[in-house]
Amino acid sequence: APGALDLVRQLAEIEAAGKSPAGLRRWLDLAVGGPLVPWRREALTILPRLRRAGVEGTDRPSFTKWADQAAVLALDGGADLKERLSALELLGRIAPSGKAGSVEGLLNPKEPQDLQVAALRTLASWPGEPLEGRLFDGWPARTVAVRREILNLALRLPARVGLLLDRI
């Protein structure tokens, strides 16, 4: 039920706000304690925040399995767009190393615009700079919505603003 998922998301945020490493580890243990069902997916909403805060233990074996499954689904051009977008959202939360190239492959003008925007947001949520200066590659072939998202991402970090200015 949607209300239950909102509750899980709110509980995750409360746990993250408490900043107790032991509490956060218990939360993650609960989230990975079984199959990836909707409430567990919502429980993972705190992962990007935990990584930014430097909390240990955000890389779990279950995450690798789930990320592999999500990457396959996101790249499956025959899959339903809603499912592909959901897979990208999960990849953005888990931020698995070694999957950035796969997600970057979705920045193809032949892919649906919504998928390209979601791929950009997914990559932007990962630690480091997965696009490594390629954020503006293919600019002429991008739709207005994809260009807008690229500009939004570029304006978030000074290094990306520099890339933008270098391209002008």
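The values are calculated or read from the model by the stated rules, or taken from the named source; none is laboratory data. Being a predicted model, the structure only gives us computed values, none of them experimental. Cβ placement follows ideal geometry from the backbone for every residue including glycine, while neighbour counts extend to all protein chains displayed. Quick note on the areas: whole protein, heavy atoms, side chains included, nothing else; ligands and nucleic acids left out. Shrake-Rupley method; radii C 1.70, N 1.55, O 1.52, S 1.80 Å.
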Checklist entry - Any idea how many residues of the stretch 138-168 are farther than 14 Å from Ser125 by Cα and assigned to a loop (DSSP other than H, G, I, E, B)? => result 5
Next on the checklist: Let me confirm something: among Arg142, Arg147, Arg84, Arg160, which residue is of a type in the set (D, E, K, R) and under 30 Å from Pro61 (Cα atoms)?
Outcome noted: Arg84
Next on the checklist: Just the residues that are assigned to a loop (DSSP other than H, G, I, E, B) and open to solvent by 30 Å² or more (accessible area, probe 1.4 Å), please, taken from the stretch 115-132.
Outcome noted: Pro127, Gly128, Glu129, Glu132
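Condition first: of a type in the set (A, V, I, L, M), under 16 Å from Val117 (Cα atoms) and in contact with a Leu (Cβ under 7 Å, 6 or more places away or on another chain). Now tell me which residues in the stretch 149-168 satisfy that.
To start, the set of residues in the stretch 149-168 that are of a type in the set (A, V, I, L, M) comprises 150-151, 153-155, 157, 159, 161, 163-165, 168.
Next, from what is left, pick out any that are under 16 Å from Val117 (Cα atoms): 150-151, 153-155.
Passing the criteria: Ile150, Leu153, Ala154.
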Next on the checklist: Testing Gly128 on (1) of a type in the set (Gly, Ala, Ser); (2) in contact with a Lys or Arg (Cβ under 9 Å, 6 or more places away or on another chain); (3) closer than 25 Å to Arg49 by Cα, one condition comes back false. Which one is that?
Outcome noted: (2)
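Residue-by-condition table, conditions (1) more than 10 Å from the chain's Cα centre (by Cα); (2) within 30 Å of Pro21 (Cα to Cα); (3) among the aliphatic types (A, V, I, L, M); (4) at pLDDT below 95:
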{"site": "Ala43", "(1), (2), (3), (4)": "yes, yes, yes, yes"}
{"site": "Ile46", "(1), (2), (3), (4)": "yes, yes, yes, yes"}
{"site": "Ala70", "(1), (2), (3), (4)": "yes, yes, yes, yes"}
{"site": "Asp76", "(1), (2), (3), (4)": "yes, no, no, no"}
{"site": "Ala87", "(1), (2), (3), (4)": "no, yes, yes, yes"}
{"site": "Pro96", "(1), (2), (3), (4)": "no, yes, no, yes"}
{"site": "Asp114", "(1), (2), (3), (4)": "yes, no, no, no"}
{"site": "Val117", "(1), (2), (3), (4)": "yes, no, yes, no"}
{"site": "Trp126", "(1), (2), (3), (4)": "no, yes, no, yes"}
